[in-house]
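Supplied in structure tokens, the structure appears directly below.
The values are calculated or read from the model by the stated rules, or taken from the named source; none is laboratory data. Treat the numbers as computed from the prediction; the structure is a model and nothing was measured. Every residue, glycine among them, receives a Cβ derived from its backbone with ideal geometry; neighbour counts consider all protein chains shown.
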Amino acid sequence: MSPASSPDLHRRGLMLILSSPSGAGKTTLTRNLLQDRALDLTLSISVTTRDRRSSEADGVHYYFKSKAEFERLRAQDELLEWAEVHGNFYGTPRAPVEAVLTQGRDMLFDIDYQGTQQVLKKAQKDVVTIFILPPSMRELRARLERRAEDSAEVIAKRLENARHEIARWTMYDYVIVNEDIQRAMVEVKAILTAERLKRARSEEGVTEFVKRLLDE
Ligand code: 5GP
């Protein structure tokens, strides 16, 4: 039994979408959430045509693909959603998502607003969206520079993009300002706990539970 859900009540898994401009701390947050085994979150590993960063591993952070391979996946409808971000293609493989949700387990997504819109269109009631904001633009720039993995040109492009992305905060269910990662973690966990307990997600499970309860 996970501490974040009631016992014995079967429910549908949910899709937790974390979005933010690059550098807002989403990667750290995602890593911490996945390391918390009690939360039992499965990361959706995207395919991308972007070059691999030195800190990244194929099949762990992304599946790195050629443009032709990406095209094939898209043409065969193997992607739940896809988008072009910063001149590269990114997409979510469909099959793992369906497998995890059917088991009543939750999937964590690190996708942008274009992908979020597509997933909302396809499965709105299974989706919970959180937008992560940096505490300031200055801090965002500092975090991107500290990462020291991208060229000055790429950093400038990401900062420019961040302004557009931040303006889209209104389309998300929840907004978290990530000034302190521990606090942001507590907030995401609170959201997850409440969303898991929503009646609509466990209608069948609650119906059975209440029936047994009243039969006592
Ligand atoms: P990065 O290149 O820094 O890893 O990611 C750049 C942006 O692409 C981030 O905003 C990230 O959320 C987004 N992204 C990563 N994977 C996907 C995906 O599968 N679909 C969509 N739509 N966006 C993605």
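Out of everything in the stretch 108-121 that is modelled with pLDDT of 95 or more and in a strand (DSSP E or B), what residue ends up being farthest from the ligand (Cβ to nearest atom)?
L108
Quick check, is R31 among the basic types (K, R), more than 13 Å from the chain's Cα centre (by Cα) and within 15 Å of the ligand (Cβ to nearest atom)?
Criteria not met by R31.
Moving to a separate point now. Taking the stretch 124-156, which residues are surrounded by 18 or more Cβ atoms within 10 Å (Cβ to Cβ) and of a type in the set (S, T, N, Q)?
Matches in the stretch 124-156: T129 only.
Let me ask something else about it. Which one is nearest to the chain's Cα centre (by Cα), of the residues in the stretch 85-95 that are modelled with pLDDT of 95 or more and within 12 Å of the ligand (Cβ to nearest atom)?
It comes out as T92.
Answer yes if at least one residue in the stretch 201-215 is of a type in the set (A, V, I, L, M), modelled with pLDDT of 90 or more, in contact with a helix residue (DSSP H, G or I) (Cβ under 7 Å, 6 or more places away or on another chain) and farther than 26 Å from V47 by Cα, and no otherwise.
Among the residues of the stretch 201-215, at least one is of a type in the set (A, V, I, L, M), modelled with pLDDT of 90 or more, in contact with a helix residue (DSSP H, G or I) (Cβ under 7 Å, 6 or more places away or on another chain) and farther than 26 Å from V47 by Cα, which makes the answer yes.
For the stretch 143-151, indicate whether the set of residues that are of a type outside the set (S, T, Y) and either closer than 25 Å to E81 by Cα or away from the ligand (no atom under 15 Å from the Cβ) (or both) is non-empty.
No; the residues of the stretch 143-151 include none that is of a type outside the set (S, T, Y) and either closer than 25 Å to E81 by Cα or away from the ligand (no atom under 15 Å from the Cβ) (or both).
Looking only at the stretch 36-65, count how many residues are near the ligand (Cβ under 8 Å from one of its atoms), at pLDDT 95 or above and not small (G, A, S).
Residues flagged as near the ligand (Cβ under 8 Å from one of its atoms), at pLDDT 95 or above and not small (G, A, S) within the stretch 36-65 amount to 4.
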